[in-house]
Each structure stands twice: as C-alpha cells, then as structure tokens.
1. Do we have any residue at all in the range 354-371 that's at pLDDT below 95, of a type in the set (A, V, I, L, M, F, W, C) and surrounded by fewer than 23 Cβ atoms within 10 Å (Cβ to Cβ)?
2. Restricting to the range 1038-1069, name every residue that is assigned to a loop (DSSP other than H, G, I, E, B) and surrounded by 18 or more Cβ atoms within 10 Å (Cβ to Cβ).
3. Within the set of pairs 6 or more residues apart or between chains, which connect a residue that is among the basic types (Lys, Arg) inside the range 988-999 to a residue that is assigned to a loop (DSSP other than H, G, I, E, B) with Cβ atoms less than 8 Å apart?
4. Please give the helices (runs of 4 or more DSSP H) falling wholly within the range 732-843 in which 1 or more residues are modelled with pLDDT of 95 or more and under 31 Å from the mean Cα position of the chain (by Cα).
5. If a residue must be without any contact (Cβ under 8 Å) to a residue 60 or more places away in the chain and in contact with a Cys (Cβ under 7 Å, 6 or more places away or on another chain), how many such residues does the range 1032-1085 contain?
6. Tally the residues that are under 12 Å from residue 418 (Cβ atoms), assigned to a loop (DSSP other than H, G, I, E, B) and of a type outside the set (A, V, I, L, M), restricting the search to the range 115-135.
7. Filter the range 346-376 for residues that are among the charged types (D, E, K, R), closer than 17 Å to residue 331 by Cα and over 41 Å from the mean Cα position of the chain (by Cα) and give the result.
8. Mind checking which pairs have a first residue in the range 51-77 that is without any contact (Cβ under 8 Å) to a residue 24 or more places away in the chain and on the phi < 0 side of the Ramachandran plot and a second that is buried (at least 24 other Cβ atoms within 10 Å of the Cβ) and outside any loop (DSSP other than H, G, I, E, B), Cβ under 7 Å, 6 or more apart or different chains?
Amino acid sequence: MKHFRIFTLALCVFWALGMQAQDNALKAGFVNPPQEARPQVWWHWMNGNISKDGIRKDLLWMQRVGIGGVHIFDAGLKTPRVVPKRITFMTPEWKDCFKYAVDLADSLGLATTVTSAPGWSNTGGPWVKPEDAMKKLVWRETDVQGGSTLKIQLPEPFRVSGPFQNVPSGDDAHGQTYYQDINVLAVPLSPGDLSMQQMGARITSSDGNFTLRQLTDEDVVKASRLPGDTAKGYKWIQVEFDKPYTIKALSVADGRTWRVWTTNEPAATKFLQASDDGKTFRDICKIPISGAMLQTVNIPSTTARYFRVCFENQKRPIAVSELRLYTVNKVNRAADKAGFGTPSNIAKGPTVSSDKEPQLAEVVDLTDKIDANGQLVWKAPKGKWRIYRFGYSLTGKQNHPASPEATGLEVDKLDADAVGRYLEHLVDIYQDASGNRMGKDGIEHMMFDSYEAGICTWTPKIKEEFKRRRGYELTPWMPALAGQIMGDAEQTDRFLFDWRKTLCELIQENQYGKAREILHRRGIKTYMESHESSRPFLADGMDVKKNADIPMGAMWSSVRLMDFKDKTENGKQADIHESASVAHLWGQNLVAAESLTANGNDGIGLAYSLYPSILKRVIDLEFASGLNRVVIHESAHQPVDDKIPGQGLEVYGQWFHRFETWAEQAKPWTDYLARTSYMLSQGQYVADVACYYGEDTNVTACFNNDLPAVPPSYSYDYVNTTALVDLLSYDGHDFVAPSGMKYRLLMLDKNTTRMTVQALRKLDEMVRKGAPVCGERPTVCPSLSDSKEEWKRLVDDIWNTGRKNIYTGMSVGDVLKAIGVAPDFEAEDMDSLRFVHRTTPDAEIYWINNRSFHGCKMNATFNVRGLKPMVWRPETGETEEVNYRITDENSIVELNLTPGDAVFVVFQGEVDHHAIQKLPETTLSHLKTIDGPWTVLFQKNLGAPEMITTDSLKSYTESSDAGIKYFGGTAVYTNHFKLSKKELKQGRILLDLGTVYYLAGVKVNGKNFGWQWKPPYSVDITDALKKGDNQVEIAVTSLWRNRIIGDQQPDCKRRYTYTSFKFYDAKSPLIPAGLVGPMKLQLRK
C-alpha cells in the first residue's frame, strides 16, 4: 500500500509538471510567437522594375520588423520604368534576381511562396497553347421547313475568342482563333413557333436606325446606337405586327451585364410595353439584367399588335445588337442557366412550358451530314425544324495583371491533362530559376489567388464526364444550352442544374484537385483562395479550398470596415469564414487571408493614409471570421532608393513596404498580428452550429447580405454537400467530423429548399439516429439525375413523420435552447462584440473583440467551469489577473475593453468550482498636464524646417509654413516636467499622450518605452522617473499623404515624393498629422 501511495503521488507530480510545461509553452509562444505565426506579405515585382540591391533591402527590412515570409508575384499594370533596364520575366537576369531573393529569404528565416501564374489570376501564361486554353460553347441556328432533301449552307460558326458567342475578349488574345465543331442537331418546332419575319414585324424606334435583320442576325456585337430621350427618361424600340400575336418570351442584348463581383441583382434598366393601337401602351414587365451579353427571359403571356422594349437613360450610351420576340416560351434566363453568367438568383427564375415542347427522342443528330465547308445535305421529315450547329472556341482570357512578357492564355480549368501540363511546366521554370529549390528546401508553397479568369463552358471530354457523373447523355439536351426547352420546362431546368453541377465539379477537381496532386508530388504545398466575393465562377468555394494545405480568403481595408460597419462586408467575412470552416472540417487548421487590401481611391483616398490602429479594425474582423495566418496585401518591391514612397500595385495597397513612413516602427504591429495568429491556431475551434447552405451556389453569394441567423453568443461553421455527405456523422450527441470537429445542431439555410437526393439520404440517415435539424422542408428536386419518387420519400420521412428532432418555424437560438445548448460567450451589447473559442487539452482560449468606438465594462459569461481565467493582451504580450466568479454552469469574468479592443481570456489551471476572485480596485486620476514650449525636430529632406519651438500642440495642417503643413514622416517633440518626492510615492505614473497622428515612440530620461501604435496612447513611465526635472522625448510618425498632396501644389518648388500611380492632386483633402495632445501625467493607485 505504501508503494502504491508513492507511485500515485509521483504520478500526480508528473501530471502537474506536464500541465505546467504545457501552460508555460502556450504562454512562451504568446509572448514570443514562432516564425510560422508571423505575418507574411505579397511582394509584387512590378513590370520588370527589379534590382538586387532593392531585393536585399526589402528582405532585410522585412526581417527587422517581424515579417514571416514573402509571396513573390510578377505583376505589370503598365507600371512606369524607374530602373535603368527592365528585367524581363524568366530571362537569365530575372532568374538570377529570383534565385538571389529565394536564397536570401531562406537565410533570413523568411518563408517563400510563388504564385500559380504571373499576375494574380489564375493559371495561365505564354506557354499555354490554344488547344489547352479555356473554351466556351458556341452555336448558330437555322430554321428550315422539312418534307424534302435540303441542301443548305449553315451559318459560319463563331470563331472569335471571347466570353459569349461572337463577343470578343477584353484581353489582347481576341485576335487568336481556335474552333472545333461538336454536333449538328435538328429539333422539331411547334407550328406556333413563329419568327418575327413570319409575323411580318416592322421595326421603329424613338431615335436611331434599326432593322429587323440587324436585330435578329445572332450577331451580339454589331449594334446600333439608341439615343436617350431626356423628356421621358427612356427610349424605345417598337415591334409592330400585321395583327395581334401572343408573345411569351424575348431576347435582348444592349451591352448591359450583371458584373460577376455583384451579388445583388442590379436594378432593371429595361421594361416591356404592349399596345393594341400603337398609341396607348401598358407596362408588361421589367426585363432583368443577365450575366451574359444576351438575356433571354419569359414574360407574362401577352397578346398585342405593338410591343415596345424601353431602355432607361444611362450615363453610358445604349447600343442594341439583338431583339427578338417569341411566340413560345424559352429557357428563362437561358444564358445564365447554361453557365455563361453566374448570378446568385438563378433559382428564382423557373422556366415555364409552352403547350408542346420538343422531346428528346425527336432530336436528330446531323453531325455526319455536314461537310468541312459547313454545307448540310439532309432529307428532312415534314414540319418546321431548327438546326443547331454547336462548336467551341476560346474565351480568350489571359493571366493578369502580369508583365507583358509573362502574359498568355489561361489554361482550360475543366481539363485535368491541360492543367497538368501547365503546372508541370510552371514548376519546372521556377525550379530552374530558383536553383532547384522548389519544395521543402526552399519554396514550400504555391499560392492560387482569387479566381478572376471568367467563364468556361466547354472542354473536349465534357460529354464523357457528363455521362459518367450524371448518368445520361448530354447530346440530346444540348439545345437547352441555347435556350430551347426540351421535354418540358421542369426537366429542362433540372438538366441545366446538372450541367452547372458538372462544370462546378470539373473545375474543382481538374484545376484545384489536380493542382494539389501535382504539387504534392513535387513537394510543394498550396494556398488557395476561391471566389473572394459574390460568385465570379461556377464552383463551390469549400470544394475548391478543401484541396488547399492552407485555405485562404480575403478582406479589404474599406472605409466602411474602418468605421466598424461590419455588415457592409458580410461577403468578405463569409469568404474567410468559409476558409476557416474548410480548415476545421478537413483538418488543415491554418486559415490564411489576403489581408488589408485597399483601394487607394476609396472614400477621400486611402493611398498612403493607413496606419496600424485603423488597420486593426479590419484585421480584427478577419480574426473574428477565423483567420490565423495573416498575408498582408501588399508590399511592392522597391528597386531604387531615390523614388519614395515608390512602387505600388497601381491603385491597390496597403503600401506596406520599406518606404512607408512607419516602416521601421512596424514591429509592435506585426507582434500583435503574430500573437493573435499564434493563439488562434492552438487546439481546435469550438462551434455549436453547422450551417448547410445547399448546392448551385457558394458561400460568398449566399451570405453577402445576411450572415447565418445564428445568435452572436454561439459560433458556427459552413457545411457544403461534400462535407455533409462525406465528413459528418452523428454519434448520438454531436455531429462529428474526422478532424475532431463537433457541432450540436445542423441548420439548413433558405437555399436548401432545393436539395438533391444525395444530401437527403445523408440527412435522413442522421435524423433517424436522433440528430437535431433546424430548417424548412425542401420543395424542389433540382437534379434530373435524381428519382423524384425517392426524393419525395426522403423528404416525407424527414419532415412529415412527426420527428421531434426536426425543428421548423423556429429560430436557431430557440432550437439551441430547446436542445439544451448553453451560450458559449455572452455579455451585454453582443451586437458590438465578436468572439472566437479554441480548446486545447489544458486550456480554453477565448478571443474577445469590441467592435465599436465606445469602451465597455462587462460581466461576461463563458461556458467554462473549474478553470482560472486570465486576460492576455496581444498588443503587449502582457497577462493580468481579473475578477471572476465560478458557478456550477459557467464562469463570469469582469472585462473592461477600450474602443476597438481585443483580448484573450485564457482559462487554465483548476480552481474550486465555486471560486471567486475580487482584486483590489485601481483608480486613475490626473496628476499634471505637460505644457509648452515644445521643441520639434523634423526628419530631414522632407520639406519641413529642421527645428521649431511651439507653445501648443496642434496638427501640422494648421501651420502657415507649407513645409510643416504638408509634412509626412517622423518628428521628435522634446519637453521636460518636474516631479516632487511626494508625487513619486503616490503610485504608478502614466504618461498619456492624448491624440496622436499616428504612431508615437516614448523616451523618458533616456529610457526607451517603445512605440505606441493604438489609442489610448498611454504608457507607464514610473521606472524612469526621478525627483526634480524629467526629460521626455516623443517621436511621432505621420503619413505620406499630406506630403504627396503638398508636392502637387502649384507653388511647390521641389517635389519630395514619387508614386507609380497618381492618387492625389492639389485640391485633395489633408488629414491630421503630428502630436495634438494634450499630454498629461496620470496617477494609478
């Protein structure tokens, strides 16, 4: 028994020492974060403006200020030359510079990443051959009357490179042509399917010159101008028939499209009117904008003799190329449903059938009856027929914005072999350029930026892929891709869902999956962004990012976010949260983001106007969304020293490079980023809700306007169909994933009213085990591959059998309460608070962020019991005791957050389950104000006088001296104050600087207290103070903006600044600068 007690005691001591070591390791990593937690930067080499001297200075600066790595980009954007000779991409000189950069970065401990293409998007280059480039489906139509042998010349196919039919590419590649025929198909038409010519249509307009032939020739480019009508506010094109006809659909092309980066449907700028007499017109409907150049829509069935398509006046002149009215229904929003556009609201426009539609069995394949010159010989059965000549040509999209020599065609994202050839070549040329350093011994990662390569709707093997994936043949359905209803309207829409799903799967697997396969085989890991915003391509972002070693999102430093208007950027939050959800579910853990990107023209101008305390408001929202690896956008390479602040990525910033005014003071800022990243990568994320958002959409489109309706006291992850089907299971208490993630509730988003049988099967399986599900019953079986009978049976079994674990008509919060899930973190004013919870074997880590301009003191409730809480401050690395109370249900901690504050509350070490800690209260009182005169020494060679003396503190912009008014840089303020022995003994003395624009370094009696970069600009200076006279030096760094504006003044005799893009002029507004104060001493007891 004695030996057993000794063994037990030893085991307890061993366990306690082990736990203490884990506690100490966590704290040590927090105070001094490891290199992999430090922020990285995008390092753009601009248009051949490269020098080894600049590379060395850039990298040495990055290492000094705590940067962890670089992502090297070749970029163009017509950046002007500032070096004696441009160094062209992949020339021997470029390779020499590149190898020098890789070797030097490695010697400095900086990680190196290259991009998946020159430029930032996406996978393309000058080595991509036309046959390997992105392709689109094109077609021409010919209507014929059967009953005889026809010998006809089919219209010339659209061979032009561009996004749709004969629309040319906006890139320089539109001159390249590459075309292949696919099929020639004949479809029978109903007798009531009449052309405008058959109805005797006559065209008139409010102005301009239009003809029936021009409006119906399938040429989407050749257009006629339609001048505006300032009196009515709109102009019109009128179609007059010989007699009344019933019109059911129309097509129109006026150059207006739904931009891919726009989630919400743009306001309609066209509408349809009808009249019986040509004098009195009635409104029929608005005509929505398409993602493609041609919009085809069904309209309310309308009988009239006169129809007018009206175009509201726009700033840009209207030019109309196509206008057709149909007596039969067409596929509603045909081009978008066929994948030529990516609007987020496709499901809202179901197609409606006419009386009789062509059946699949009636489709005749005429491919073998056409010769090489496009002449068709066919013994056509009686009746009216429409002949479709289908082929494919290039989209013409090029990688961008690369230097001219590095620009070429984008590779076919749907073709795994083409992507494979592309990536093998890309890795080979980087391997050569780096001196065989691709992989773990040098360049460890390749980064895929957000997708900006446009649509792709064809690839040579797509028929085989469609049959393998969907289980039926594509060919007889192809007329539906041109807007023809086949079978019936419902079947056609279901086929088009399957078509889009196939395009999604091919790009996800053959671009991103293939990239993962090839790069892993070559020893290279990946960062992968996806949509970033809205829905710029047909893919599910989670299925893209699951292929990444480090899934990646993006967030911009917009004026709105810097004003804490978070809801205006829900899409960006969703993008990072999507990446985080992937990492949580698939187990990658690290979540990166293209962080702090800025548009220099946002608001009154952001260029060279950003600084850490305002950027913190943005980066904290990124952390709240799941970020734990910061990749700053951007740090342009500075090849020369006589052009400052120098090079940039055209209008885009955040201009974080060695010539930024606060470049050498950036270490405390990067320390904050690193500490926060380190802590948020520990252990595992904690969430209670899994949000399933369905199919035929993506996260950034679904949640652009409103994030999931999960109460702010709980956390959630997004779940797509792949994660639902392949990862999640229910263990009787939690939804669990192989990564270890657990959730208590499955929430169904409103988009799941359309749900596939595959998803329903998995849902039914888990529901039968008692899994709680919150959401409404699906109403649409979207896929033609699915059995409607099985779909209905599954829906009925889940929703119509009285299951108590299915919750409909209830909020997520009410359901969580009903199933006994307590809030994870709760406090007053949760609308202004964000939190992240991570759990480790020995600690519960909460990150709390006050997203408001007001401070808040609160008693916060945490869903933790029996552990001691402490506050850890990432801006300083300090930890502090807090007041707390432990109950049987939770822990209540007293927190005092300043405006915009972010702290960690770390629960570690066992305490009594009813422990209470009440610390002595501290007070802060005024001791004295430090008044003038002040001596101010200005940084040299920036236009200001060397030194001035001033009685008061004020913004430089109030000075009558132009050198001071426009000063940007660092100035040192010196003063002194006296303290008595009695004052020194009263308590701790703090120096409060008051208002600072924008960073301040504090020295007292020669003791350096470092740089203060965020309000409150207050520092405890007690240990440097002495009785009698005390000397204070405050180095204040302001920004480049005012100096740049000063250089634009007409009376400016010398210019001190150079920027590669012009942001400001003489009339641009100045921003405050300098030390404004008042400066005070405060007493803390």
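1. No: zero hits.
2. First pass over the range 1038-1069, keeping only residues assigned to a loop (DSSP other than H, G, I, E, B): 1038-1040, 1047-1057, 1060-1069.
Answer for the range 1038-1069, where residues must be assigned to a loop (DSSP other than H, G, I, E, B) and surrounded by 18 or more Cβ atoms within 10 Å (Cβ to Cβ): 1038, 1039, 1040, 1047, 1056, 1057, 1060, 1061, 1063, 1064.
3. Close Cβ pairs (under 8 Å, with a partner that is assigned to a loop (DSSP other than H, G, I, E, B)) amount to 988/1085.
4. Values: elements: 757-768, 788-799, 812-818.
Of the helices (runs of 4 or more DSSP H) lying wholly inside the range 732-843, those with at least 1 residues that are modelled with pLDDT of 95 or more and under 31 Å from the mean Cα position of the chain (by Cα) span 757-768, 812-818.
5. Adding up the residues that qualify gives 0.
6. Start the filter on the range 115-135 by keeping residues that are under 12 Å from residue 418 (Cβ atoms), which leaves 123-124, 127-135.
Subset that is assigned to a loop (DSSP other than H, G, I, E, B): 123, 127-129, 134.
The next check asks that each one be of a type outside the set (A, V, I, L, M); those that pass are 123, 127, 129.
Adding up the residues that qualify gives 3.
7. Step one: of the range 346-376, the residues among the charged types (D, E, K, R) are 348, 355-357, 362, 365, 368-369, 371.
Then drop every residue that is not closer than 17 Å to residue 331 by Cα, which leaves 348, 355-357.
Within the range 346-376, 355, 356, 357 meet the criteria.
8. Pairs found: none.
The values are calculated or read from the model by the stated rules, or taken from the named source; none is laboratory data. Worth saying up front: this structure is predicted, and the values here are computed from it rather than measured. Cβ atoms come from the backbone with ideal geometry, glycine included; neighbour counts cover every protein chain shown.
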